[in-house]
Amino acid sequence: MSQNLTTRTLESLDGLERVRKDFADCLEAGLTREEKHIPSRFLYDARGSQLFEDITKLPEYYPTRTERWILEKYADEMAVLTPSGGALVEFGSGSSLKTEILLRHLDKLVAYVAIDISGDALVGALGRLAKEFPKLQVTPIVADFLKPVSLPIDVSRCHKLGFFPGSTIGNFMPLQAICLLKNMSRTLGASSRLLIGVDLKKDRNTLLRAYNDSAGITAEFNLNLLQRANMELGADFEIGSFNHLARYDEVNGRIDMYLVSQRSQQVCINGRSFHFACGEKIHTEHSHKYSVEEFTDLALQAGWKSRTVWMDEDELFSVFELLN
């Protein structure tokens, strides 16, 4: 099993150069906009993924521990419709820690496919899972799951259960989220199911504390995006000249995260110069919060029908089961 994992991983890592080019293209395009923007998916390189794992352990950050509680309490219900010989396909797998909860209950699966933009995150996580579940075919794919992904032929013939935890769907504007859900449907195929984590609407103070932790780890996570640009693309961002900012947009029901220039400065990327005025912001992340009714309607617009919604007792977070 370990040899199978190693071979497949090395084949998949060919996609890393495409990811790096995508990062360069998106960075240059985003910094030429009137309102500067870098897509949030680039926050998750190896160091960013580790910093995010640190964030999930903070007392202020409720989503991860709450989602884990939901998965542990209701995993049997989530697994009941998955037939023998099925496959679990995870979008943006990262550390795959929540996946272990499901896999312990999905004992009739034959395959687990992990799709992630970070090859480094895949190698470590899936090596661990291959040892813990030795009878399971573990297949990593380095790819941008925003687009339809071609699954291995043997997996494409299985009944597929998609898994998209962590409220990542909230990082997308509603029309983008609908497009993403449509692409997930294309990846999984007809008659598939999708388990998806959705952060629920709640009071402003709880939200702001979650994205402005007292230890400053979220700030470090956000600033790491600039460090990644320096390391991978030869940019010359002066990290200390930018600050982290998170604020709540009550009208649109979302947290917005920014990097704010603390002085007038020039930054060079691939020989191209970009000017930042003092106080100018780079938008790095949206995090939309939904009511159950709002997300049910969003999923329906993408062709998915909501079958079950599991929540914690305080209704902070939810896991939806969608059918296509």
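Quick look at the numbers
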{"quantity": "Residue check, ILE269 more than 20 Å from ILE169 (Cβ to Cβ), of a type outside the set (Phe, Trp, Tyr) and out of contact with any His (no Cβ under 7 Å at 6 or more places or on another chain)", "calculated": "yes"}
{"quantity": "Residues being out of contact with any Phe, Trp or Tyr (no Cβ under 9 Å at 6 or more places or on another chain) and either assigned to a helix (DSSP H, G or I) or more than 14 Å from TYR62 (Cβ to Cβ) (or both) - total across the stretch 287-324", "calculated": "10"}
{"quantity": "Close pairs from the stretch 242-267: first without any contact (Cβ under 8 Å) to a residue 12 or more places away in the chain, partner surrounded by 15 or more Cβ atoms within 10 Å (Cβ to Cβ) and assigned to a strand (DSSP E or B), Cβ under 9 Å, at least 6 apart", "calculated": "ASP249/ILE255; ASP249/ASP256; ASP249/HIS286; GLN266/PHE274; GLN266/PHE276"}
{"quantity": "Test for SER214: is it among the polar types (S, T, N, Q) and either open to solvent by less than 60 Å² (accessible area, probe 1.4 Å) or closer than 19 Å to ILE38 by Cβ (or both)", "calculated": "no"}
{"quantity": "Long-range neighbours under 8 Å by Cβ, at least six apart or interchain, first residue without any contact (Cβ under 8 Å) to a residue 60 or more places away in the chain and more than 27 Å from GLN176 (Cα to Cα) within the stretch 129-158, second open to solvent by 30 Å² or more (accessible area, probe 1.4 Å) and not in a loop (DSSP other than H, G, I, E, B)", "calculated": "ASP154/GLN137"}
{"quantity": "Selection count, the stretch 119-143, where residues are at pLDDT 85 or above, in a loop (DSSP other than H, G, I, E, B) and surrounded by 18 or more Cβ atoms within 10 Å (Cβ to Cβ)", "calculated": "2"}
{"quantity": "Filter result for ARG209 (assigned to a helix (DSSP H, G or I), in contact (Cβ under 8 Å) with a residue 40 or more places away in the chain and open to solvent by 10 Å² or more (accessible area, probe 1.4 Å))", "calculated": "yes"}
{"quantity": "Condition broken by LEU151, with the remaining ones in (1) part of a loop (DSSP other than H, G, I, E, B); (2) touching a strand residue (DSSP E or B) at 6+ places or on another chain (Cβ under 8 Å); (3) within 29 Å of ILE255 (Cα to Cα); (4) not aromatic (Phe, Trp, Tyr) satisfied", "calculated": "(3)"}
{"quantity": "Filtered residues of the stretch 293-315 (kept if aliphatic (A, V, I, L, M) and either free of Cβ contacts under 8 Å to residues at least 60 places away in the same chain or open to solvent by less than 40 Å² (accessible area, probe 1.4 Å) (or both))", "calculated": "LEU298, ALA299, LEU300, ALA302, VAL309"}
{"quantity": "Filter pass, LYS57 being on the phi < 0 side of the Ramachandran plot, at pLDDT 90 or above, out of contact with any helix residue (DSSP H, G or I) (no Cβ under 7 Å at 6 or more places or on another chain) and assigned to a loop (DSSP other than H, G, I, E, B)", "calculated": "yes"}
{"quantity": "Within the stretch 258-283, tally of residues that are part of a strand (DSSP E or B), among the polar types (S, T, N, Q) and open to solvent by 50 Å² or more (accessible area, probe 1.4 Å)", "calculated": "2"}
{"quantity": "ALA177 being in contact (Cβ under 8 Å) with a residue 40 or more places away in the chain, among the small types (Gly, Ala, Ser) and not in a helix (DSSP H, G or I)", "calculated": "no"}
{"quantity": "Residue, modelled with the lowest pLDDT, within the stretch 16-38, restricted to residues that are open to solvent by less than 20 Å² (accessible area, probe 1.4 Å) and within 18 Å of the chain's Cα centre (by Cα)", "calculated": "VAL19"}
{"quantity": "All positions within the stretch 74-119 that are closer than 28 Å to GLU313 by Cβ and aliphatic (A, V, I, L, M)", "calculated": "ALA75, MET78, ALA79, VAL80, LEU81, LEU88, LEU97, ILE101, LEU102, LEU103, LEU106"}
{"quantity": "Options SER318, SER287; residue that is crowded, with 17+ Cβ neighbours inside 10 Å and in contact with a helix residue (DSSP H, G or I) (Cβ under 6 Å, 6 or more places away or on another chain)", "calculated": "SER287"}
{"quantity": "Number of positions in the stretch 144-202 that are open to solvent by less than 20 Å² (accessible area, probe 1.4 Å), polar (S, T, N, Q) and over 17 Å from the mean Cα position of the chain (by Cα)", "calculated": "1"}
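The values are calculated or read from the model by the stated rules, or taken from the named source; none is laboratory data. Worth saying up front: this structure is predicted, and the values here are computed from it rather than measured. With ideal geometry, Cβ positions are generated from the backbone for all residues, glycine too; neighbour counts draw on all protein chains shown. For accessibility, only protein heavy atoms count, side chains too; no ligands or nucleic acids. Shrake-Rupley method; radii C 1.70, N 1.55, O 1.52, S 1.80 Å.
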